[in-house]
Amino acid sequence: MASTSPPADQRRRLRRKVLANLAGLVLVVAGIQILRVNRRFLARAIQPPLWREAALVGCVAFYAYFSWFGLRAVLAGLLR
């Protein structure tokens with residue numbers, strides 16, 4: 001009887017993809033939290049400049065984009 005589970009190398013690659021995309025999601029959540037804390041709780045005098053917040057929004061968008069498509073591809077591969 002043949003085994004239907006993927007070889008160990010494929011499982012390792014899949015695990016790396018899942019973990020990398022979950023790390024991207026963590027960065028998205030952390031970036032949103034940092035923006036919220038900076039805007040809501042920091043005094044105006046110590047808030048970061050607007051260009052730094054714009055850079056943070058860019059990073060959040062970058063990681064959200066790639067995490068979305070990466071996790072979607074991984075889930076599609078798991079459901080095959």
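The values are calculated or read from the model by the stated rules, or taken from the named source; none is laboratory data. Values in this document were obtained by computation on a predicted structure and should not be read as measured data. Positions of Cβ are generated from backbone atoms using ideal geometry, with glycine treated the same way; all protein chains shown enter the neighbour counts.
Being over 24 Å from Pro6 (Cα atoms), of a type outside the set (A, V, I, L, M, F, W, C) and either touching a helix residue (DSSP H, G or I) at 6+ places or on another chain (Cβ under 7 Å) or outside any helix (DSSP H, G or I) (or both) is the filter here, so list the residues in the range 39-80 that pass it.
Across the range 39-80, the qualifying residues are Gln47, Pro48, Pro49, Glu53, Tyr63.
Report yes if Leu78 is farther than 18 Å from Gly24 by Cα and either touching a residue at least 24 places away in the same chain (Cβ under 8 Å) or surrounded by 11 or more Cβ atoms within 10 Å (Cβ to Cβ) (or both), otherwise no. Walk me through how you get there before you give the answer.
On the way: farther than 18 Å from Gly24 by Cα: yes; either touching a residue at least 24 places away in the same chain (Cβ under 8 Å) or surrounded by 11 or more Cβ atoms within 10 Å (Cβ to Cβ) (or both): yes.
Considered against the rule, which asks whether it is farther than 18 Å from Gly24 by Cα and either touching a residue at least 24 places away in the same chain (Cβ under 8 Å) or surrounded by 11 or more Cβ atoms within 10 Å (Cβ to Cβ) (or both), Leu78 comes out as yes.
Taking into account only those residues within the range 1-48 that are among the polar types (S, T, N, Q) and over 26 Å from Val74 (Cα atoms), which is modelled with the highest pLDDT?
Within the range 1-48, the subset among the polar types (S, T, N, Q) is 3-5, 10, 21, 33, 38, 47.
In the following step, the residues that additionally are over 26 Å from Val74 (Cα atoms) were identified as 33, 38, 47.
Values: Gln33: 97, Asn38: 93, Gln47: 94.
Ranking the qualifying residues of the range 1-48, first place goes to Gln33.
Would you confirm whether any residue within the range 38-47 is in contact (Cβ under 8 Å) with a residue 24 or more places away in the chain and over 13 Å from the mean Cα position of the chain (by Cα)?
Filtering the range 38-47 down to residues in contact (Cβ under 8 Å) with a residue 24 or more places away in the chain leaves none.
No: the range 38-47 contains no residue that is in contact (Cβ under 8 Å) with a residue 24 or more places away in the chain and over 13 Å from the mean Cα position of the chain (by Cα).
Enumerate the pairs (first residue in the range 55-70 and touching a residue at least 24 places away in the same chain (Cβ under 8 Å) and closer than 12 Å to Leu22 by Cα; second residue anywhere and surrounded by 14 or more Cβ atoms within 10 Å (Cβ to Cβ) and not small (Gly, Ala, Ser)) with beta-carbon separation below 6 Å, excluding pairs fewer than 6 apart on the same chain, so at least 6 apart or on different chains.
From residues that are touching a residue at least 24 places away in the same chain (Cβ under 8 Å) and closer than 12 Å to Leu22 by Cα, the pairs are Tyr63/Leu27; Tyr63/Val28; Ala64/Val28; Ser67/Asn21; Ser67/Leu25; Gly70/Asn21.
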